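The values are calculated or read from the model by the stated rules, or taken from the named source; none is laboratory data. Owing to the predicted nature of the structure, the values given are computational and were not obtained by experimental measurement. Quick reminder, even Gly has a Cβ in these numbers, built from the backbone with ideal geometry, and neighbours come from all protein chains shown. The protein model used for the area step is the full one, side chains on, heavy atoms only, and it has no ligands, DNA or RNA in it. Shrake-Rupley method; radii C 1.70, N 1.55, O 1.52, S 1.80 Å.
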Amino acid sequence: MPTPIRIVALVSGGGTTLQNLLDRTAAGALGARGVGVVSSNADAFGVTRARRAGVPARVVSAAPRRGTFADEVWAAVRGHAPDLVCLAGWLHLLPIPEDFRHRVLNIHPSLLPAFGGKGMYGHRVHAAVLAYGAKVSGCTVHFADDTYDTGPVLVQRCVPVLTADTPDALAARVFTAECEAYPEAIRL
């Protein structure tokens, strides 16, 4: 049996993506194990989810601090010696150091390059998709780089946009696709 991939997840909020990965890991369906979580927010429910699953969690505050935030995040990540870092609702632009190039995945709730970039996250994306009148949406798993939502794409999943959709309804359908796409990208 191959050695499980060591994953550190970065979270800023509720941790629903983290929970998907934790559940799949616990079920043996991922070939990975969570070795750590780093959160930018002490009140993030993702920290609680991690601790409930027995995964060590550390908070690195994103409050302005003269350029040390990224260094502190990467020091916390390196402390777990991961093979892969998964951004799981991480809401900060984080420069990727050379030793982590092509080892940091992100999931975005649209079919990139559409509806990506600074400020495009969560329900903002779904509202923009609906306002534009798009007929399909979905999610994209890509390697993170030093800009928002532009790294090489690994997996995309499409979902239909329905006439009666609200941002919440579309978000639910996209999240279902995300729950399949992120594990697929990790396995790849």
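A few notes on this one:
- Dipole of the chain [Lys/Arg +1, Asp/Glu -1 at C-beta], most positive-end residue of Gly14, Phe143, Trp90: Gly14
- Each Lys or Arg adds one and each Asp or Glu takes one away; over the other residues whose Cβ falls under 14 Å from the Cβ of Cys179, this sums to 0.
- Per-atom-type breakdown for the chain gives carbon and sulfur 57% of the accessible area (1.4 Å probe, protein chains only).
- Distance between the stretch 30-69 and the stretch 98-154 - C-alpha centres, whole angstrom: 21
- Shape category assigned to the stretch 51-104 from the gyration tensor of Cα positions, a/c cut at 1.5: oblate
- For the chain, the solvent-accessible area works out to 49 Å² per residue, with a probe of 1.4 Å and every protein chain left in place.
- Debye, to nearest 20: dipole size of the chain, +1 on Lys, Arg Cβ, -1 on Asp, Glu Cβ: 300
- Principal-axis analysis of the Cα atoms of the chain puts helix 69-78 at an angle of about 70° to the longest axis.
- Relative contact order of the stretch 91-188, pairs being alpha-carbon contacts under 8 Å that are 6 or more residues apart, as %: 30
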